[in-house]
Amino acid sequence: MASNAAVPFWRAAGMTYITYSNICANLVRNCLKEPHKTEALTREKVHFSISKWTDGKPEKPTVRSDSPEE
Amino acid sequence: MFRQASRLLARTTTSRRSRAFSSDVPATPAQDSNFIESWTKVIPNLDPPKTPSSFMAPRPATPPSIPSKLTVNFVLPYASELSGKEVDMVIVPATTGQMGVLPGHVPTIAELKPGILSVHEGNDVTKYFLSSGFALIHANSVADIIAVEAVPVDHLDPALVQKGLADFTQKLSSASTDLEKAEAQIGVDVHSAMNSAITG
C-alpha cells in the first residue's frame with residue numbers, strides 16, 4: 001500500500017480535514033444574503049463554560065468564546 | 001477443452017448465490033435477546049431494563065430485490081434537513097465528480113467537495129449548496145449525507161461570491177507559506193463552486 005499516495009493539497013500543507021471543513025463552512029456563511037447571513041453568524045459562535053475544580057467542588061465557571069478560525 | 005465449456009457455462013448460470021455479500025446488512029433487532037435471557041435466568045422477578053437498542057429505530061435490512069425508492073437522511077450539525085425521506089435519486093458532489101445515487105447503489109463512502117446536492121422526487125428537484133461533508137450509501141438503499149453547512153442556492157449573494165473569488169485569487173498569487181497557499185486555494189475552490197452554482 002502506498003503511504004505516499006496522492007493526498008489532498010490541504011493535507012499536504014499540514015491542515016486537518018476538520019480545519020478544512022470549518023474553513024469551507026465559514027466561507028459559505030460569509031457569502032449569504034442578508035437575513036440568512038446574520039442567522040448563520042450566530043450559529044458559527046462556539047462558546048463553552050469552564051470551571052476549575054478544587055477539593056471536589058467546582059469554582060465559579062467562566063464562559064469562553066472561541067472566535068471562529070478563518 | 002471446448003467440450004467442458006458448455007457444461008461450465010450452464011453450471012454458473014444455474015447456480016444460485018448461496019453466500020450473502022459482506023456488505024448486506026441484516027435488520028438490527030429491537031432488543032438484545034441474549035441479555036434478556038441471561039437477565040431472566042438470574043433475576044426472574046424484575047423486568048429487564050431497557051437497553052439503548054430498544055430506544056433506537058431498527059436499521060432496515062438489505063432487501064433481496066432492489067427497492068424502488070432511496071431513503072435519504074440529510075443532516076447538518078444544527079438541523080436535520082431530510083430525515084428518512086423517500087426519493088427517486090440524489091446527485092451528490094463527490095470529490096471524484098457529480099455522483100448520481102439511485103436505489104440499489106453499491107455501498108459507498110464518498111467525501112464531498114463544495115458543490116450542489118440535488119434531490120429528485122418525481123418531477124421536483126430541490127438543490128442545496130453544500131460546503132463539504134460525506135455521503136454514506138448503505139446496502140439497504142439508505143443514503144446518509146452529512147454536511148457542515150448547506151444552503152438553498154438562492155440564499156447565496158452573487159456580489160459577495162465574486163468579491164471573495166477575486167480576493168482569494170489575489171491571495172493565492174501572493175501567498176508565501178504552504179499553509180497560506182492551501183487556505184487561498186480552498187478559498188478559490190469554494191468561491192468558484194458557489195459561482196458555478198449561482199450561474200449554472
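The values are calculated or read from the model by the stated rules, or taken from the named source; none is laboratory data. Remember, it's a predicted structure, so these values are computed and weren't measured experimentally. We place every Cβ from the backbone using ideal geometry, glycine too, and count neighbours over all the protein chains shown. Side chains are part of the model used for accessible areas, which takes the heavy atoms of the whole protein and leaves out ligands, DNA and RNA. Shrake-Rupley method; radii C 1.70, N 1.55, O 1.52, S 1.80 Å.
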What does a probe at B:TRP39 reach in region B:55-98, counting residues whose amide N is under 18 Å from the point 7 Å along Cα→Cβ?
B:55-58
With every protein chain in place, the accessible area of B:LEU102 for a 1.4 Å probe, in Å² rounded to the nearest 10, comes to 90
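Please report, as a whole percent, how much of the solvent-accessible surface of region B:62-106 comes from carbon and sulfur atoms (probe radius 1.4 Å).
On the way: 1390 of 2340 Å².
Ligands and nucleic acids excluded, carbon and sulfur reach 59 percent.
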What residues in region B:134-157 lose 10 Å² or more of accessible surface when the other protein chains are added to their chain alone (1.4 Å probe)?
B:PHE134, B:VAL148, B:GLU149, B:VAL151, B:ASP154, B:HIS155, B:LEU156, B:ASP157
Probe 1.4 Å, all chains present, heavy atoms only: B:ILE43 accessible area in Å², nearest 10, is 60
Interface burial for B against A (accessible surface, 1.4 Å probe, total of both chains, Å², rounded to 100)
2200
